[in-house]
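S.K.: Below is the structure I would like to discuss, written out as structure tokens.
The values are calculated or read from the model by the stated rules, or taken from the named source; none is laboratory data. Not measured: the values here are computed from a predicted model. Neighbour counts are summed over all protein chains in view; Cβ atoms, including those assigned to glycine, are modelled from backbone coordinates with ideal geometry.
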Amino acid sequence: MDDLGGLRAANRLFVAADLPPPARAALAATGAALADRMGGRAVPEANLHVTLDFLGRVPPEAAPEVAAAVREALAGPPAPVALAGLRARPRASRARLVAVQLEDRAGGLAERARRVRAALDAVLGRAPEEAAPWLHVTVLRLPRPARLAPLDGSGGREQVFDVGRGALYDSHQSPGGPPRYRELVAVEFEPVP
């Protein structure tokens, strides 16, 4: 959608980096294994992503500016990242989710997240956030806070992949099931000429 003219009033927007299919498949398998071991609900493979910024509800009249800001902020080269282990959030003693952290050695994905956040802060009038982005992929959601044993998620081998695409999504909540994501704006990451 070029101008997001079909933006629903009860939208719930976020900007994410999309994962290549092999990374998604590996992360989905990790989530399924954790769900078998700990309970909870593994995040469906189609929903796995790296959140760069959560916008929440955006006034529909701001849609054209949001779309333009997302396109500009996401532009740039692919970002190589590595899977870096599991982490329970908010903490292991009261976990609500388990995520696979990403190692961004070159800093390209973290820089893109900062650009996205700054561009959307300006468009939406939000206060700037100083915290460094937490690059991760949520693989398991728990229905209630749980105490988790230490997590080992290295898998014994490094998995490196290029993140080559990002998008603005609208999250449609589904009672009793995972949300459905509707893509609104997509940007392929390409080397800058």
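S.K.: Please enumerate the residues belonging to segment 114-143 that are in contact with an Asp or Glu (Cβ under 7 Å, 6 or more places away or on another chain) and in contact (Cβ under 8 Å) with a residue 40 or more places away in the chain.
M.R.: V116, R117, A119, L120, V123, L135
S.K.: Residues in segment 160-184 that are over 11 Å from A16 (Cβ atoms) and in contact (Cβ under 8 Å) with a residue 40 or more places away in the chain: how many?
M.R.: So the count comes out to 10.
S.K.: Which residues, counting only those in segment 17-67, are closer than 22 Å to E111 by Cα, hydrophobic (A, V, I, L, M, F, W, C) and either in contact with a Phe, Trp or Tyr (Cβ under 7 Å, 6 or more places away or on another chain) or free of Cβ contacts under 8 Å to residues at least 24 places away in the same chain (or both)?
M.R.: Scanning segment 17-67 gives A23, F54, L55.
S.K.: Considering only segment 110-122, state which residues are out of contact with any Lys or Arg (no Cβ under 8 Å at 6 or more places or on another chain) and either buried (at least 23 other Cβ atoms within 10 Å of the Cβ) or of a type in the set (V, I, T) (or both).
M.R.: R112, A113, V116
S.K.: Can I ask one more? Out of the strands (runs of 3 or more DSSP E) lying entirely within segment 74-193, which hold 1 or more residues that are at pLDDT 95 or above, within 29 Å of A9 (Cα to Cα) and not charged (D, E, K, R)?
M.R.: Qualifying strands (runs of 3 or more DSSP E): 136-146, 165-174, 177-188.
S.K.: May I ask you to list the residues in segment 77-96 that are touching a residue at least 24 places away in the same chain (Cβ under 8 Å) and surrounded by fewer than 17 Cβ atoms within 10 Å (Cβ to Cβ)?
M.R.: P77, P80, A82, G85, A92, S93, R94
S.K.: Can you tell me which residues in segment 12-46 are crowded, with 20+ Cβ neighbours inside 10 Å and touching a Ser or Thr at 6+ places or on another chain (Cβ under 9 Å)?
M.R.: L13, V15, A16, A17, G31, A42, V43
S.K.: Which condition number in (1) surrounded by 15 or more Cβ atoms within 10 Å (Cβ to Cβ); (2) assigned to a loop (DSSP other than H, G, I, E, B); (3) of a type in the set (G, A, S) is the one that A9 fails?
M.R.: Every listed condition holds for A9 apart from (1).
S.K.: I've got another one for you. Is at least one residue of segment 52-63 part of a strand (DSSP E or B) and out of contact with any helix residue (DSSP H, G or I) (no Cβ under 8 Å at 6 or more places or on another chain)?
M.R.: Within segment 52-63, one or more residues are part of a strand (DSSP E or B) and out of contact with any helix residue (DSSP H, G or I) (no Cβ under 8 Å at 6 or more places or on another chain).
S.K.: Can you report the number of residues in segment 1-15 which are more than 18 Å from S174 (Cβ to Cβ) and in contact (Cβ under 8 Å) with a residue 12 or more places away in the chain?
M.R.: 8
S.K.: Which of the residues spanning segment 25-55 are closer than 30 Å to G125 by Cα and among the charged types (D, E, K, R)?
M.R.: Within segment 25-55, D53 is the sole residue that qualifies.
S.K.: Go through segment 90-114 and report how many residues are out of contact with any Phe, Trp or Tyr (no Cβ under 9 Å at 6 or more places or on another chain), among the basic types (K, R) and under 26 Å from D170 (Cβ atoms).
M.R.: Residues in segment 90-114 being out of contact with any Phe, Trp or Tyr (no Cβ under 9 Å at 6 or more places or on another chain), among the basic types (K, R) and under 26 Å from D170 (Cβ atoms): 2 in total.
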